[in-house]
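Read the figures in this text as sums done on the coordinates, not as results from a lab. Given the structure is predicted, the values throughout are model-derived calculations rather than measurements. Positions of Cβ are backbone-derived with ideal geometry, glycine not excepted, and every protein chain shown enters the neighbour counts.
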Amino acid sequence: MSVPLTLLGLLEREPSYGYDLKRDYDAHFGWGRSLPFGQVYATLARLARDGKVSAATVEPGAGPDRKRYAITERGTSEVQEWLRTPIEPEPHLQTLLFTKVVLALILGRSARTYLDAQRAAHMERMRQLTELRRTAGSVEALLADHGLFHLEADLRWIDLTEARLASLANAIKNHEEVQP
Amino acid sequence: MSISTLGSEDSAGPMVEGRSLVKSFGRTPALNGASVAVAPGEMLAVMGPSGSGKSTLLHCLAGIFTPDAGEVFFDGRRTDRLGETRRSEMRRRDFGFVFQFGQLVPELTVEDNIALPLLLDGTARRQAYASARSWLPRLGLDDLGPRRTGEVSGGEAQRVALARALVHHPKVLFADEPTGSLDSLTGEQVMELVVTLTRAEGTTVVMVTHEARVAAYANRMVLVRDGQVTVAQPPAAPSHPADASATRRRPPSLAR
């Protein structure tokens, strides 16, 4: 699941409280489905346990709200690695593709490198499905066709996104600045 | 004598290669240091957005355009410095061409069009027509031989163009948007024939297309961007573990 890595990515901007992370996550990636607080704190606790974030208590009192989280070196390299790695080409990847591109733009990382890698992975899968379809029976071919059309739709989105990266980066920067 | 029969023993090298190709039209740069190599028997898809230079690259490799700088090789021999006579001979004998619009001669029959490359190269008329007719069943054009090409459908015309491109058993087939004017089903039939026939003949294929579904018929894909060639490497590493639960484990076949 991409929530831990997305939160980790958001933390790379600056150390943050759980509340701020949830708010930014919802603004960028929620689209009407907000992340429950419980999940945010549970995720942060797991990330801290794994050494990917460090938590500092900066306000007196108890409770998760009092802690400010910062990404560790290990966490940073994990985000870096994730943003560079294409997803296994399958239909219905829109949210993951979207998340990787937007997070890369927020962090000023190369979204193009990721999109190129993803394009290559998609083309390779389309090539396999096309070869299979040429040699398979018509029922299997029908299933291969379904996969091919979905992968093709992803590829069109990848091409269009790549062509719009500059204006997207601006839009996301403005979006970030609007946040209180 | 064709360029290809001048005694190359080096079968390990590329069949077609462009090195650091530069080509401008007036002040508009089309290629800006494009390099690509195509192995013998390989089918390469050249993709890229409109105006990226992908067609110019194909035209340079095929000896239709001369690059402003860089080198073009065919079967190990440099071709961009050949005179127009030698280059035109190479195009006629060693290469076959399929373009977006068949570019057939509409007043001539299907058979005439297919026999044309052989006739132009001095093959006896009877032999040329026998060869042309032998291609008709391979392309599902059995009864169309005597029809004028102006009267056949778009898909049929493109199959005639494919037969014409392959009738003289070229070493390389250059295809520029071969399905660009066809609907997707007809386009797939044409691509199926391109793959079947060129594999059977051992023909090297360089195909320009902007359609991923068409490019997926090739063994390999390169992307032309801003006049340069990007080699798209499929990732060696598997997906990131964090993405694994988003996609189900998949056996090597189609089954999910």
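Structure values in brief
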item	result
Computed [θ] at 222 nm, helices only, for the protein assembly as shown once each DSSP H run of length n ≥ 4 contributes -39500 (n - 2.57)	-14500 deg cm²/dmol
Per-bin percent of Cα-Cα distances, chain B [10 Å]	7, 28, 33, 22, 8, 2, 0
Trypsin sites (Lys or Arg not before Pro) within segment B:73-105: DSSP coil, no more than 16 neighbouring Cβ in 10 Å	B:R81
Cross-link partners of A:K22 among lysines (Cα-Cα below 28 Å; sequence separation of 8 or more within a chain)	A:K52, A:K67, A:K100, A:K173
Given chain B, longest segment not containing exposed loop GluC sites (Glu not before Pro) (DSSP; at most 12 other Cβ within 10 Å)	B:108-256
Segment A:85-180 - Kirkwood radius from inverse mean 1/r over Cα pairs (Å)	14.5 Å
Relative contact order for chain A, counting Cα pairs under 8 Å that sit 6 or more residues apart, in percent	20 percent
Cα-based convex hull volume of chain A per residue, rounded to whole Å³	129 Å³
Length-normalised contact order for chain B - Cα pairs under 8 Å, 6+ apart - percent	27 percent
Local electrostatic count at B:R147 - Lys and Arg +1, Asp and Glu -1, tallied over other residues with Cβ under 10 Å	-3
Projected area, mean over directions - the protein assembly as shown, Cα convex hull, nm²	26.0 nm²
Sites matching trypsin sites (Lys or Arg not before Pro) across segment A:1-55 that sit in DSSP coil, with at most 10 neighbouring C-beta atoms within 10 Å	A:R33
Options A:V53, A:L5, A:A104, ranked by Cα towards positive dipole end of chain A, top entry (Cβ charges)	A:V53
Dipole in debye (nearest 20) - segment A:85-180, about Cα centre, beta carbon charges: Lys, Arg +1; Asp, Glu -1	200 debye
Net +/- balance of residues flanking A:S2 in space, Cβ distance below 9 Å, scoring K and R +1, D and E -1	0
Alpha-carbon centroids, segment B:116-166 and segment A:139-180: separation in whole Å	43 Å
Selection of trypsin sites (Lys or Arg not before Pro), segment B:20-70, meeting DSSP coil and at most 11 other Cβ within 10 Å	B:R27
Descending semi-axes in Å of segment A:1-75, equivalent ellipsoid built from Cα gyration tensor	18, 15, 11
Positive minus negative residues near A:S110 (Lys, Arg vs Asp, Glu; Cβ under 13 Å)	+2
Candidate lysines for bridging to B:K54, where Cα separation is under 28 Å - those fewer than 8 sequence places away on the same chain excluded	B:K23, B:K171
Order of B:K171, A:K100 under a 10 Å beta carbon neighbour criterion, fewest first	B:K171, A:K100
